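Student: This is the structure I have questions about; it appears just below.
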Amino acid sequence: MKILVVGGGGREHAIIRKLKESRKVDALYCAPGNGGIAKDAECFSVKATDIDGMVALAKQLAVDLVFVAPDDPLVLGMVDVMQAAGFATFGPNKAAAILEGSKAFSKELMKKYHIPTAKYEIFQEADAAISYIREQNQFPTVIKADGLALGKGVIIATNLVEAEQAVKNMMEDKMFGESGSTVVVEEFLTGPEVSVLSFTDGKTVVPMVSSMDHKRALDHDEGLNTGGMGTVAPNPYYTKEMADTCMETIFLPTIQAMQAEGRPFQGCLYFGLMLTPNGPKVIEYNCRFGDPETQVVLPLLETDLVEIMKAISEQKLAELPVVWKDGCAACVVMASGGYPKKYETSLEISGLDDGGQIAGCTVYHAGTKLAEDGKQLLTAGGRVLGVTATAGDLPTALQKAYAGVKTIQWENVHYRHDIGQRALKALQ
């Protein structure tokens, strides 16, 4: 098979590395890709959201399958257009991708089908949202932009001043563009957070290994929210009993709800969960592989990813045993100094070998580019690299990942020093 992967970050690099393991794959292409991905797939400078350009590229390359990885092109309907052009695809169509594309839609769906989630209200006017927050007078409170916002459209306000500012930033100042025209205000849930990616063909749902993300920029979960500073898998809080409860109360009901709404979901569905004292509740859905969760989940996948994609497209996922490796994985994200705010780019990266990886670790490239010489790797984003290690236990995986991090350098490199510490405490 010849496969085109749409996207250009750490998630896409992890997907490409996993696809490379399959004997069924003859050629891998990526658009737009990045400097590190270029070592593993032929890259083309077509934007992930350029639907017409991507269809033209798929035709030019005569690919057998298009794997649409990021949220933006999925929500815009790239899968529908690719399928209409005759290409097999991996990812949900536009009607199903609304599950991530509109938080208001997903909250209303959960209410209608009794899927446990935080109490909420939806607003189209800033004054009404602020009045509601004042009436509730419960802090922290959570304010979410309805649409996509690069993973940054959620503000946890600790007091009324912060809450009012967040509403104004989103609805009046258009901090996230039109994504913030509608906002969801919801109660703040407490408990361990768990990310569960799952394969689904619209009828059957097969959860992947659970993971724990670290969203805050600084150690001890301080600083601004980011796209994710690191992950570990599996998540020790997610027990067998908890997995059974989630399957019964959240996973299957969600797939069945989408089926009932005439929006069958095929592809990868991400469940962001909070294990509250009153049981597991949904914080958010994503309509694709999470980033950086993919970087710890896919290295633990034993079954051929191409086989899984085939089973999903044929709606035969129930017939395929999906097998996982024993052990744990840890990923430490190396970011540009200043991220998630202002940061420099085009800084020289040292300490990577030609294969873009070091002994015992896999380095997934999130924001890199090649210099004009075609050899030197430069920084090209906020999150630059994800250094992932697998091992028989979590302490060893973390030790290996941090050993890998220490060999890589660029000016003002920033990373957290405490990835996995909460998970280690839970294991004690």
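Student: Tally time: how many residues in segment 204-233 are of a type outside the set (A, V, I, L, M) and under 16 Å from the mean Cα position of the chain (by Cα)?
Tutor: Applying the first criterion (of a type outside the set (A, V, I, L, M)) to segment 204-233 yields 204, 207, 210-211, 213-216, 219-223, 225-228, 230-231.
Next, only the ones that are under 16 Å from the mean Cα position of the chain (by Cα) stay: 207, 210-211, 213-216, 225-228, 230-231.
Going through segment 204-233 one residue at a time, the tally reaches 13.
Student: A follow-up question, please. List the helices (runs of 4 or more DSSP H) that sit entirely inside segment 91-148 and contain at least 2 residues that are over 18 Å from Q266 (Cα atoms) and either open to solvent by 50 Å² or more (accessible area, probe 1.4 Å) or without any contact (Cβ under 8 Å) to a residue 12 or more places away in the chain (or both). Reasoning before the result, please.
Tutor: On the way: elements: 94-101, 103-112, 126-136.
Here the list reads 103-112, 126-136.
Student: Yes or no: segment 343-359 includes at least one residue that is under 21 Å from G35 (Cβ atoms) and assigned to a strand (DSSP E or B).
Tutor: yes
Student: Follow-up. Just to verify a result, which residue in segment 342-394, among those that are open to solvent by 20 Å² or more (accessible area, probe 1.4 Å) and touching a Phe, Trp or Tyr at 6+ places or on another chain (Cβ under 8 Å), is nearest to C30 (Cα to Cα)?
Tutor: Among those residues, the one meeting the criterion is R383.
Student: Quick check, is K94 of a type outside the set (G, A, S) and under 30 Å from A62 (Cα atoms)? Before you say what the answer is, go through the steps one by one.
Tutor: Working: of a type outside the set (G, A, S): yes; under 30 Å from A62 (Cα atoms): yes.
Judged against the criteria, K94 is a match.
Student: Looking only at segment 209-233, filter to residues that are in a strand (DSSP E or B) and aliphatic (A, V, I, L, M); which one of those is farthest from G338 (Cα to Cα)? Explain how you work it out, then say what you get.
Tutor: Taking segment 209-233 as the starting set, the residues that turn out to be in a strand (DSSP E or B) are 211-213, 216-218, 222-225, 230-233.
Still in the list and also aliphatic (A, V, I, L, M): 212, 217-218, 224, 232-233.
Values: M212: 24, A217: 9, L218: 11, L224: 11, V232: 24, A233: 27 Å.
My answer is A233.
Residue-by-condition table, conditions (1) of a type in the set (S, T, Y); (2) at pLDDT 95 or above; (3) surrounded by fewer than 20 Cβ atoms within 10 Å (Cβ to Cβ); (4) outside any strand (DSSP E or B):
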{"site": "E164", "(1), (2), (3), (4)": "no, yes, yes, yes"}
{"site": "V167", "(1), (2), (3), (4)": "no, yes, no, yes"}
{"site": "M170", "(1), (2), (3), (4)": "no, yes, no, yes"}
{"site": "V184", "(1), (2), (3), (4)": "no, yes, no, no"}
{"site": "G191", "(1), (2), (3), (4)": "no, yes, yes, yes"}
{"site": "S195", "(1), (2), (3), (4)": "yes, yes, no, no"}
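Student: Oh, and also: Using the structure shown, decide if K152 is touching a Pro at 6+ places or on another chain (Cβ under 8 Å) and either surrounded by 15 or more Cβ atoms within 10 Å (Cβ to Cβ) or in a helix (DSSP H, G or I) (or both).
Tutor: Values: touching a Pro at 6+ places or on another chain (Cβ under 8 Å): yes; either surrounded by 15 or more Cβ atoms within 10 Å (Cβ to Cβ) or in a helix (DSSP H, G or I) (or both): yes.
Here the answer is yes, as K152 does meet what is asked.
Student: For S211, all conditions in the list (1) in contact with a Leu (Cβ under 8 Å, 6 or more places away or on another chain); (2) over 25 Å from K152 (Cα atoms); (3) small (G, A, S) hold save one; what is the number of the exception?
Tutor: Single failed check for S211: (2).
Student: May I pose another question? Based on this model, can you work out whether E261 counts as without any contact (Cβ under 8 Å) to a residue 12 or more places away in the chain and either out of contact with any Asp or Glu (no Cβ under 7 Å at 6 or more places or on another chain) or of a type in the set (V, I, T) (or both)? Working first, answer last.
Tutor: On the way: without any contact (Cβ under 8 Å) to a residue 12 or more places away in the chain: no; either out of contact with any Asp or Glu (no Cβ under 7 Å at 6 or more places or on another chain) or of a type in the set (V, I, T) (or both): yes.
No.
Student: While we're looking at this one, here's another question. Considering segment 172-182 alone, what residues qualify as being of a type in the set (D, E, K, R) and either open to solvent by less than 40 Å² (accessible area, probe 1.4 Å) or out of contact with any Gly (no Cβ under 8 Å at 6 or more places or on another chain) (or both)? Talk me through it step by step, then tell me what you get.
Tutor: Initially, segment 172-182 is screened for residues of a type in the set (D, E, K, R), giving 172-174, 178.
E172, D173 - these are the residues of segment 172-182 that are of a type in the set (D, E, K, R) and either open to solvent by less than 40 Å² (accessible area, probe 1.4 Å) or out of contact with any Gly (no Cβ under 8 Å at 6 or more places or on another chain) (or both).
Student: Spot the failing condition for K203; the list is (1) open to solvent by 60 Å² or more (accessible area, probe 1.4 Å); (2) within 21 Å of A401 (Cβ to Cβ), and only one is missed.
Tutor: It is condition (2) that K203 fails.
Student: Of all residues being closer than 17 Å to G386 by Cβ and charged (D, E, K, R) in segment 206-232, which is least open to solvent (accessible area, probe 1.4 Å)? Just the residue, please.
Tutor: Selected residue: D213.
Student: Then there is this: Give the residue that is nearest to L4 (Cα to Cα), with candidates limited to residues of segment 42-84 that are in a helix (DSSP H, G or I) and among the polar types (S, T, N, Q).
Tutor: We begin by selecting, within segment 42-84, every residue in a helix (DSSP H, G or I); these are 51-61, 71-76, 78-84.
Next cut, among the polar types (S, T, N, Q) only: 60, 83.
On the way: Q60: 11, Q83: 14 Å.
Among residues in segment 42-84 that are in a helix (DSSP H, G or I) and among the polar types (S, T, N, Q), the one nearest to L4 (Cα to Cα) is Q60.
Student: Within 30 Å of E108 (Cα to Cα) and open to solvent by 10 Å² or more (accessible area, probe 1.4 Å), is that true of K281?
Tutor: yes
Student: Just to confirm my filter: which strands (runs of 3 or more DSSP E) fall fully inside segment 364-428 and include at least 3 residues that are more than 19 Å from G227 (Cβ to Cβ) and modelled with pLDDT of 95 or more?
Tutor: 383-391
Student: If you don't mind, there's one more thing I want to ask. For D221, which of the numbered conditions (1) at pLDDT below 95; (2) in contact with a strand residue (DSSP E or B) (Cβ under 8 Å, 6 or more places away or on another chain) fails to hold?
Tutor: So D221 meets the others, but not (2).
Student: While we're looking at this one, here's another question. Is it the case that V296 is at pLDDT 95 or above and either over 20 Å from the mean Cα position of the chain (by Cα) or farther than 26 Å from D393 by Cβ (or both)? First the steps, then the outcome.
Tutor: Working: at pLDDT 95 or above: yes; either over 20 Å from the mean Cα position of the chain (by Cα) or farther than 26 Å from D393 by Cβ (or both): no.
No, not satisfied.
The values are calculated or read from the model by the stated rules, or taken from the named source; none is laboratory data. Computed from a prediction, not measured in an experiment: that's the story for all the values here. Backbone-built Cβ (ideal geometry, glycine too); neighbour counts: all protein chains shown. With ligands, DNA and RNA removed, areas are computed over all heavy atoms of the protein, side chains included. Shrake-Rupley method; radii C 1.70, N 1.55, O 1.52, S 1.80 Å.
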